[in-house]
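Written out below as structure tokens is the structure these notes cover.
Read-outs: derived from the displayed coordinates by stated rules, not from any lab. Given the structure is predicted, the values throughout are model-derived calculations rather than measurements. All Cβ positions, even for glycine, are placed from backbone atoms using ideal geometry, and neighbour counts span all protein chains on display.
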Amino acid sequence: MFDATNYANAVNEFSQLQQMYTTANQTRDQIIQAYNLAFQMSRMPQNFGSRYPSSFSQWINVSSPNTYGNTLAWNEVLNLGSPTRATAAYNSAVIQPQAYPGTSLASQDALTQAAIKNQYATSEIGQGTITSTLSTLGTVRSNSELFSQKLANLEADTYSTDPNQQTEMAVLGKINTATLLQIHSQQDTNQILAASVAQQALADKQRLDEQNRLINQAIYFQQNFPTTMQRTTGGVSTSIQSISLSTNGR
């Protein structure tokens, strides 16, 4: 006996099965496509390393003649850094100012004392600036070899055909590493620029000191010229008056 209801249910179930089968095939195709894309993205071209080789300029250690034994410390601090080496280099290679005798300084007028103290301040500021610059440059140069090795390792991992080096996390890690290396390199650059600015500030101070000394000398001249000339002319007049042109001395 034909049951139309059962037949309709069977047809409906068959249609649902066909839809499920179609959906399963589509899902399978999407999974395969996603896998193929991921596999393709995980593969590194075989010739990247040879097609894009890169080389960087290397820091070269500073060397110079040491005829009188006073340049070795200077070269060492430029190659290795450290404030202690910088101080030793400065003391061995730079002429040191002698201490101004206290009694002699006290005997000078206020303007002269201020000029002498200013010159000593310029010398001491110059010492601090130079030693800081030497220490900074030496530290950057000393760390350059290790920094170059890190760059070489990053380059090798970037061009590696090892699948473990081309996973998503590995690539993200290398991107972060490159960013950090760039930040450290920029920090070294900023330190060198800061040292250069400090040297420029010292040179500006020296020029300003010279200009101010000239201004002070001009002011001093204007303030004391009348008195000086009066003393000079008065002394000359007295001398002339004391000179007798008479043959008998009267």
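Note that segment 97-114 has calculated 3J(HN,Hα) couplings of x, 7, 6, 6, x, x, 5, 5, 5, 5, 7, 7, 6, 4, 5, 5, 4, 4 Hz, one per residue in order, obtained from phi through the Karplus relation 6.51 cos²θ - 1.76 cosθ + 1.60 (θ = phi - 60°); glycine and proline are x.
Tally Lys and Arg at +1 and Asp and Glu at -1 over the other residues with C-beta under 15 Å from the C-beta of R141: what net charge comes out? Can you show the working numbers first?
Numbers: positive: R85; negative: E76, E145, D188.
So the environment of R141 carries a net charge of -2.
Listed by chain and number, the lysines whose C-alpha is less than 29 Å from the C-alpha of K150, apart from same-chain residues fewer than 8 away, are K174. L78 sits among other residues whose Cβ lies under 15 Å from its own Cβ, and their net charge, with Lys and Arg +1 and Asp and Glu -1, is -1. Taking K205 as the anchor, which lysines have their alpha carbon closer than 28 Å to its alpha carbon, excluding any fewer than eight residues away along the same chain? Of all the lysines, those that pass the test against K205 - Cα under 28 Å, at least 8 places apart if same chain - are K117.
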